[in-house]
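One structure is given here, and the rest of the page talks about it.
Read the figures in this text as sums done on the coordinates, not as results from a lab. On a predicted model such as this, the values are computed, not experimentally measured, just so you know. Here the Cβ positions follow ideal geometry from the backbone for every residue, glycine too, while neighbour counts run over all protein chains shown.
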Amino acid sequence: MADKTVLLVDDSRVARMMVRKMIEQNRPGWMVVEAVDGEDGIAKFQAAHPDFVIMDVNMPGISGIEAARRIKAGSPDAVISLLTANIQEPLRLQAAELGLGFMSKPARDDALLDFLTVGAP
C-alpha cells in the first residue's frame, strides 16, 4: 500500500509527467493518480480519496478553481493546491478564500515538497 496518494489534475501530459517525476523522486512509495481535466479530477478524487491534490487552473470544461470548489464542498478538509502559470493577484486571492495552496508553473521542487509536507495553504 502506498504511503500517501497525490491526485495530479492537468490537461497537459507534459506538465503531469514533470510533476509526477518530482513526486516519485522525492516521495518514493507514494501513489500518483492523474486526471486530464476538472471533471476527471472530481471523479478521481471521489474514487481515490487522495491525501493531496495538485490542480491546474486553465483546462477544458470546468476550471481548476471550480473543480476545487466542488471537491471542497463535499470534502472540506481536502488538501488542494493550484499549480498554474496564471500568477495574477485576483487568482491568488480566490485561491486563499477557498483555502487552496498556490504554486506557479513550472513547478519547483521546493514549493512542491513544501506543499506535500505542510499542505495548503
**One residue from A73, A85, A67 being among the small types (G, A, S) and free of Cβ contacts under 8 Å to residues at least 12 places away in the same chain** = A73
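Quick check: anything in the stretch 14-25 within 13 Å of the chain's Cα centre (by Cα), in contact (Cβ under 8 Å) with a residue 24 or more places away in the chain and either farther than 19 Å from G119 by Cα or not in a helix (DSSP H, G or I) (or both)? Spell out the reasoning first.
Filtering the stretch 14-25 for residues within 13 Å of the chain's Cα centre (by Cα) gives 15-16, 19-20, 23.
Retained after the next criterion (residues that are in contact (Cβ under 8 Å) with a residue 24 or more places away in the chain): 15, 19, 23.
After this cut, where a residue has to be either farther than 19 Å from G119 by Cα or not in a helix (DSSP H, G or I) (or both) as well, the list is 15.
Checking the stretch 14-25: at least one residue is within 13 Å of the chain's Cα centre (by Cα), in contact (Cβ under 8 Å) with a residue 24 or more places away in the chain and either farther than 19 Å from G119 by Cα or not in a helix (DSSP H, G or I) (or both).
Restricting to the stretch 41-77, name every residue that is of a type in the set (D, E, K, R), closer than 22 Å to K4 by Cβ and out of contact with any strand residue (DSSP E or B) (no Cβ under 8 Å at 6 or more places or on another chain). Walk me through how you get there before you give the answer.
Going residue by residue through the stretch 41-77, those that are of a type in the set (D, E, K, R) are 44, 51, 56, 66, 69-70, 72, 77.
Retained after the next criterion (residues that are closer than 22 Å to K4 by Cβ): 44, 51, 56, 72, 77.
Listed by number, the list holds a single entry, D77.
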**Asked** A47 fails exactly one of the following numbered conditions: (1) within 14 Å of V19 (Cβ to Cβ); (2) exposed (fewer than 13 other Cβ atoms within 10 Å of the Cβ). What is the number of that condition?
**Response** (1)
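Anything in the stretch 28-50 that is in a loop (DSSP other than H, G, I, E, B) and under 16 Å from L83 (Cβ atoms)? List them, or say none.
Residues of the stretch 28-50 that are in a loop (DSSP other than H, G, I, E, B), as a first pass: 28-30, 36-37, 49-50.
Across the stretch 28-50, the qualifying residues are V36, D37, P50.
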